[in-house]
Amino acid sequence: MSDDAAGRQTRFIVLLAALVALGPLSIDGYLPGLPDLAGDLRASAAATQLTITACLAGLAIGQLIAGPLSDTYGRRRPLLAGLALYTIASALCAVAPDVRTFVGLRLVQGIGGAFGIVIANAMVRDRTSGTRTARLFSALTLITGLAPVFAPVLGGQLLRVTAWPGIFVALAVLGAVMLAASAAGLPETRSSASRQPLPAVVGQLLSDRVFTGYVLANGLVFAAMFAYISGSPFVLQEIHGLSPQQYSAVFAVNAAGLIAAAQISGRLVARAGARVLLLAGLLGATAGGTTVLGAVLTRAPLPALLIGLFVLVSSVGLVMPNAAAQALADHGGHAGSAAALLGFSQFMIGGALAPLAGAGGATDALPMGIIVAVLPALALLTLGVLTRSMPGERTRRHIDRRRGKVH
């Protein structure tokens, strides 16, 4: 590869990484300003929390919109439209007059941000295949792991010089920069040769049990991580007495484990294969979740619980890139729709199951322990049942590849 081609490839990856980061930045970047936001908008604690839920819902719904649109109309036009929507919604969030309006704008902001996430993943599949796809997904997983850690820190620093609306002004500026950069630097990666009606594409994907197996396995493990994120502040601070600073350190260490696992995956995938690394991640997540549950049931010392959480979260760094690569492997012809269903399942399964981690309130860690133990084991079982190919099915897939039906 020439220096010029390598430079273009680097710029391409950097732009995709920035697009993927928009979602986490939108969710977490304004968290330090939540108390001030609630006071300025005269909102209750429940209404304030709803502003987070609205953004998550927008990210889930937006992916279902963006993926099929990008398969039908190409990647660039839907991406630019989504970024424009994100930029406008972010700017309007800064001047929202009340919490109801703010919640609605957060939903729209999430929908716009989802276009960047799903189309970035689809572009990876458009330009790569096999182990190269898994390697690039590992790089994007690095951003997915870093952004939630640093977003509140960046938001907190902004609050030193501005109030909470300034954070949304910054997000609007970021959206505008990404819009300009994408318009200038991202090529169209989808050819116009093979287009199908949207219902046919979605129906074809959902009828593929192998694809469904990878999607569900990924979503269940992602939900276990969501349960950790939502339940661990209470378990570690209220039950085990960690200070907010100590909890932040634990969160950062676990995030570093996820990032390291994703990068190790990128280095090993050419030799070990994406499916082997995915199975290793699922086994690791199951072992970590089981350790957490065992520590809760036996009232073990805190280090045992921390070890289990570290193994659980780190294993997600193996699961996410390889599940995505495997799910999209046979669906290059409609990678946008496939990536949309993959991302939608993450947010919907995680959003539906993660709140159960707090069912015991601030004094009972058992619900979180059960969820983080059961979901990875269920993911492993789901993968084994749904992705096990019968001899006839393997032969049919091989013929389809030879005929070019699978892109």
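Scanning the range 59-85 for residues that are of a type in the set (Gly, Ala, Ser) and assigned to a helix (DSSP H, G or I), which turns out surrounded by the most Cβ atoms within 10 Å (Cβ to Cβ)?
Gly67
Can you tell me which residue among Gly343, Gly369, Gly351 is under 28 Å from Ile65 (Cα atoms), modelled with pLDDT of 80 or more, within 26 Å of the chain's Cα centre (by Cα) and of a type outside the set (S, T, N, Q)? Lay out the reasoning, then the answer.
Working: Gly369 fails: under 28 Å from Ile65 (Cα atoms); Gly351 fails: modelled with pLDDT of 80 or more.
After applying the criteria, what remains is Gly343.
Identify, by number, the condition in (1) out of contact with any Phe, Trp or Tyr (no Cβ under 9 Å at 6 or more places or on another chain); (2) open to solvent by 20 Å² or more (accessible area, probe 1.4 Å) that Ala147 doesn't meet.
Going through the list (1) out of contact with any Phe, Trp or Tyr (no Cβ under 9 Å at 6 or more places or on another chain); (2) open to solvent by 20 Å² or more (accessible area, probe 1.4 Å), Ala147 breaks only (2).
Within the range 105-131, can you find the residues that are more than 15 Å from Gly58 (Cα to Cα), modelled with pLDDT of 80 or more, open to solvent by 10 Å² or more (accessible area, probe 1.4 Å) and not hydroxyl-bearing (Ser, Thr, Tyr)? Let's see the steps before the verdict.
So the first thing to find is which residues in the range 105-131 are more than 15 Å from Gly58 (Cα to Cα), and the list is 119-131.
From what is left, the residues that are modelled with pLDDT of 80 or more are 119-128.
Subsequent filtering for residues that are open to solvent by 10 Å² or more (accessible area, probe 1.4 Å) retains 121, 125-128.
Matches in the range 105-131: Asn121, Arg125, Asp126, Arg127.
Give the residues of the range 67-86 that are at pLDDT 90 or above and within 19 Å of the chain's Cα centre (by Cα), sorted by residue number.
Leu79, Gly82, Leu83, Tyr86
If we keep just the residues of the range 207-260 that are of a type outside the set (A, V, I, L, M), over 18 Å from Ile370 (Cα atoms) and touching a Pro at 6+ places or on another chain (Cβ under 8 Å), which is most open to solvent (accessible area, probe 1.4 Å)?
Per the stated criteria, the residue is Gln237.
Given the options Leu50, Leu37, name the one that is open to solvent by less than 10 Å² (accessible area, probe 1.4 Å), more than 19 Å from Ala338 (Cα to Cα) and not small (Gly, Ala, Ser). It would help to see each step written out before you state the result.
Values: Leu50 fails: open to solvent by less than 10 Å² (accessible area, probe 1.4 Å).
Among Leu50, Leu37, only Leu37 is open to solvent by less than 10 Å² (accessible area, probe 1.4 Å), more than 19 Å from Ala338 (Cα to Cα) and not small (Gly, Ala, Ser).
Taking the stated definitions as given, is Gly336 out of contact with any Lys or Arg (no Cβ under 9 Å at 6 or more places or on another chain), open to solvent by less than 50 Å² (accessible area, probe 1.4 Å) and assigned to a helix (DSSP H, G or I)? Spell out the reasoning first.
On the way: out of contact with any Lys or Arg (no Cβ under 9 Å at 6 or more places or on another chain): no; open to solvent by less than 50 Å² (accessible area, probe 1.4 Å): yes; assigned to a helix (DSSP H, G or I): yes.
For Gly336, the condition - out of contact with any Lys or Arg (no Cβ under 9 Å at 6 or more places or on another chain), open to solvent by less than 50 Å² (accessible area, probe 1.4 Å) and assigned to a helix (DSSP H, G or I) - is not met.
Does at least one position in the range 116-128 carry a residue that is part of a helix (DSSP H, G or I), free of Cβ contacts under 8 Å to residues at least 24 places away in the same chain and not charged (D, E, K, R)?
Initial filter on the range 116-128 (part of a helix (DSSP H, G or I)): 116-127.
Keeping just the survivors that are free of Cβ contacts under 8 Å to residues at least 24 places away in the same chain gives none.
No: zero hits.
Restricted to the range 151-192, and to residues that are among the polar types (S, T, N, Q) and open to solvent by less than 30 Å² (accessible area, probe 1.4 Å), which residue is farthest from Phe251 (Cα to Cα)? Write out each step before concluding.
Applying the first criterion (among the polar types (S, T, N, Q)) to the range 151-192 yields 157, 162, 182, 189, 191-192.
With the extra rule that they be open to solvent by less than 30 Å² (accessible area, probe 1.4 Å), the set shrinks to 182, 189.
Values: Ser182: 32, Thr189: 37 Å.
Ranking the candidates gives Thr189 first.
Against the definition (of a type outside the set (Asp, Glu), modelled with pLDDT of 80 or more, surrounded by fewer than 24 Cβ atoms within 10 Å (Cβ to Cβ) and not in a helix (DSSP H, G or I)), how does Ala91 come out, yes or no?
Working: of a type outside the set (Asp, Glu): yes; modelled with pLDDT of 80 or more: yes; surrounded by fewer than 24 Cβ atoms within 10 Å (Cβ to Cβ): yes; not in a helix (DSSP H, G or I): no.
It is false that Ala91 is of a type outside the set (Asp, Glu), modelled with pLDDT of 80 or more, surrounded by fewer than 24 Cβ atoms within 10 Å (Cβ to Cβ) and not in a helix (DSSP H, G or I).
The values are calculated or read from the model by the stated rules, or taken from the named source; none is laboratory data. Small disclaimer: the values here were computed from a predicted structure and weren't measured. Positions of Cβ are backbone-derived with ideal geometry, glycine not excepted, and every protein chain shown enters the neighbour counts. Areas reflect the complete protein model, heavy atoms only, side chains present, ligands, DNA and RNA absent. Shrake-Rupley method; radii C 1.70, N 1.55, O 1.52, S 1.80 Å.
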